[in-house]
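Single-structure report; data block below.
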Amino acid sequence: MVAKLVESWNQAVTGTAIPRVRDITPSRTKKAKVRLRERSLEEWDLVFRKIAESSYCKGGGRDAWVASFDWIISNDGNAAKVLEGLYDNRIPNRGAVVNRVNHVADATGGKSFEELEREAALRLSSGEPYRWVGGM
């Protein structure tokens with residue numbers, strides 16, 4: 001049964017940045033047996049497909065973390081999170097984008113990028129020291 005779980009994992013992640021399982025170690029066998037008592041092989045197929053479809057699980061997050069077989073079998077919570085959609089691809093919330101634009105507009109006094117660029121060019125050409133404000 002563990003070999004079928006590994007086969008399902010390898011099939012799902014083939015062609016992605018997610019590493020395939022090469023060796024079925026005693027530690028992996030022990031953890032996989034525990035996980036197989038919690039979920040059916042069919043449910044694990046779904047978990048693995050969702051991981052393979054997730055940009056975040058394939059290294060698309062800020063930290064470039066990549067899911068692994070060891071991660072998914074390490075505890076009972078990771079598969080639950082996958083099935084609940086925690087790692088699903090998301091379309092940015094329009095409201096969040098509008099809030100970010102409004103925040104930038106507030107921070108710049110409502111000036112456009114072009115206006116800010118002109119001001120910076122004038123300051124530099126006049127010899128006036130230019131100081132960065134904010135974090136970058």
*Pop out the ³J(HN,Hα) list for the range 71-79 in order, Karplus 6.51 cos²θ - 1.76 cosθ + 1.60 with θ = phi - 60°, rounded to Hz; leave Gly and Pro as x.*
5, 5, 9, 5, 7, 7, x, 5, 5
*In order through the range 49-54: 3J(HN,Hα) via Karplus (6.51 cos²θ - 1.76 cosθ + 1.60), integer Hz, x for Gly, Pro*: 5, 5, 5, 5, 8, 7
*chymotrypsin sites (Phe, Trp or Tyr not before Pro) within the range 1-66: which are DSSP loop residues with at most 15 other Cβ atoms inside 10 Å?*
Trp65
*Can you run phi through the Karplus equation (6.51, -1.76, 1.60; θ = phi - 60°) for the range 28-35 and list ³J(HN,Hα) in whole Hz, with x for Gly and Pro?*
4, 4, 4, 5, 4, 4, 5, 5
*How much of Arg118 can a 1.4 Å solvent probe reach, expressed as accessible area in Å² and rounded to 10?*
140
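The values are calculated or read from the model by the stated rules, or taken from the named source; none is laboratory data. The structure displayed is predicted, hence computed values, not measured ones. Quick reminder, even Gly has a Cβ in these numbers, built from the backbone with ideal geometry, and neighbours come from all protein chains shown. Only protein heavy atoms, including side chains, enter the accessible area calculation; ligands, DNA and RNA are left aside. Shrake-Rupley method; radii C 1.70, N 1.55, O 1.52, S 1.80 Å.
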